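Student: Dumping the structure here so I can ask a few things about it.
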Amino acid sequence: MLCGGALTYADDLATLIETLNLEGAVLVGHSTGGGEIARYMGRHGTKRVSKAVFVASVVPIMMKTATNPNGMPIEVFDNLQAASLSNRAQLYKDFGAGPFWGFNRPGAKVSQGMIDTFWMQGMMAGHKNLYDCIKAFSQTDFTEDFKRIDIPALVVHGDDDQVVPIDITGRRAVKLLKHGKLLVYAGAPHGIPDTHREKLNGDILEFIKS
């Protein structure tokens, strides 16, 4: 299955990389961004890329299909799109206050500032863009793209990711990579670039230097 959004993201990235004439780039993608860089390498190759990092990413595919029986039912994503249409402001507020950073877990240290920022960024984005993005990140199958990745790749995922569960993404994704490594953050949520920024930055830098 192929979603137009994934193609658009990947080709936009290709245009940027070509325009800047980048060589030996390290691509880092979080969540949907992981799908973007996977599709980029699947379509455009790795001649300009030296390494890739997938952080809590939606790869290889999130939705339940005949070839991915343990994926998430399409109704989960249909409900997200319905919520986006009916009251997207409330959806973004609930998502930030709940599963994105694990603020719905017992004993979690809740940051109202992070919740407000999540809501603000969502409301600043185009309504249709984010609506279509739900289909792109949930239904696009990046399996064949992953098989074409021939450079070292790091997969970083929290084992308490409620948005992009590790068992259907991170643990499966690393098995498709020719030169892949998986780092699991114990108890970490989806938004680890915020909740675990120092550890994540350190691990990425170590991977780049290795």
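Student: Any residue in segment 26-40 that is without any contact (Cβ under 8 Å) to a residue 12 or more places away in the chain sitting within a Cβ distance under 6 Å of a residue that is among the hydroxyl-bearing types (S, T, Y) and in a loop (DSSP other than H, G, I, E, B)? List the pairs, counting only those 6 or more apart or interchain.
Tutor: Taking only residues 6 or more apart or on different chains, not a single pair turns up.
Student: For G102, state whether it is crowded, with 19+ Cβ neighbours inside 10 Å and at positive phi.
Tutor: yes
Student: Only one residue in P152, P99, P69 is out of contact with any helix residue (DSSP H, G or I) (no Cβ under 8 Å at 6 or more places or on another chain) and within 30 Å of F207 (Cα to Cα), so which one is that?
Tutor: P99
Student: Here's something else I'd like to know. Sort through T32, T15 and tell me the only one that's farther than 17 Å from H179 by Cα and under 19 Å from the mean Cα position of the chain (by Cα).
Tutor: Matching residue, one of T32, T15: T32.
Student: Which one of the conditions (1) assigned to a loop (DSSP other than H, G, I, E, B); (2) surrounded by 18 or more Cβ atoms within 10 Å (Cβ to Cβ) does A38 fail to meet, given that it meets all the rest?
Tutor: Of (1) assigned to a loop (DSSP other than H, G, I, E, B); (2) surrounded by 18 or more Cβ atoms within 10 Å (Cβ to Cβ), only one is false for A38: (1).
Student: From the list V164, V174, V155, exactly one residue is surrounded by 15 or more Cβ atoms within 10 Å (Cβ to Cβ) and free of Cβ contacts under 8 Å to residues at least 60 places away in the same chain. Which is it?
Tutor: Going through V164, V174, V155 in turn, just one is surrounded by 15 or more Cβ atoms within 10 Å (Cβ to Cβ) and free of Cβ contacts under 8 Å to residues at least 60 places away in the same chain: V174.
Student: Further question: Could you pull out the residue among R43, R39, R48 that is among the basic types (K, R) and within 13 Å of the chain's Cα centre (by Cα)?
Tutor: After applying the criteria, what remains is R39.
Student: What is the number of the single condition among (1) without any contact (Cβ under 8 Å) to a residue 40 or more places away in the chain; (2) surrounded by fewer than 17 Cβ atoms within 10 Å (Cβ to Cβ) that A97 does not meet?
Tutor: (2)
Student: Looking at segment 59-79, which of its residues are crowded, with 17+ Cβ neighbours inside 10 Å and assigned to a helix (DSSP H, G or I)?
Tutor: F77
Student: Another question, then. Does segment 93-107 contain at least one residue that is closer than 25 Å to V174 by Cα, basic (K, R) and assigned to a loop (DSSP other than H, G, I, E, B)?
Tutor: Within segment 93-107, none of the residues are closer than 25 Å to V174 by Cα, basic (K, R) and assigned to a loop (DSSP other than H, G, I, E, B).
Student: Additional query: Would you point out the residue of segment 51-73, among those that are over 14 Å from the mean Cα position of the chain (by Cα) and of a type in the set (G, A, S), that is nearest to C133 (Cα to Cα)?
Tutor: Applying the filter and picking the extreme gives G71.
Student: Here are V59, V76, V49, V55: which of them is among the β-branched types (V, I, T), in contact with a strand residue (DSSP E or B) (Cβ under 8 Å, 6 or more places away or on another chain) and farther than 16 Å from I17 by Cα?
Tutor: Selected residue: V55, the only one of V59, V76, V49, V55 that is among the β-branched types (V, I, T), in contact with a strand residue (DSSP E or B) (Cβ under 8 Å, 6 or more places away or on another chain) and farther than 16 Å from I17 by Cα.
Since every read-out is calculated from the coordinates, none of them should be taken as a lab result. Remember, predicted model here, so these are calculated numbers, not experimental data. Cβ: placed from backbone, ideal geometry, glycine included. Neighbour counts: every protein chain shown.
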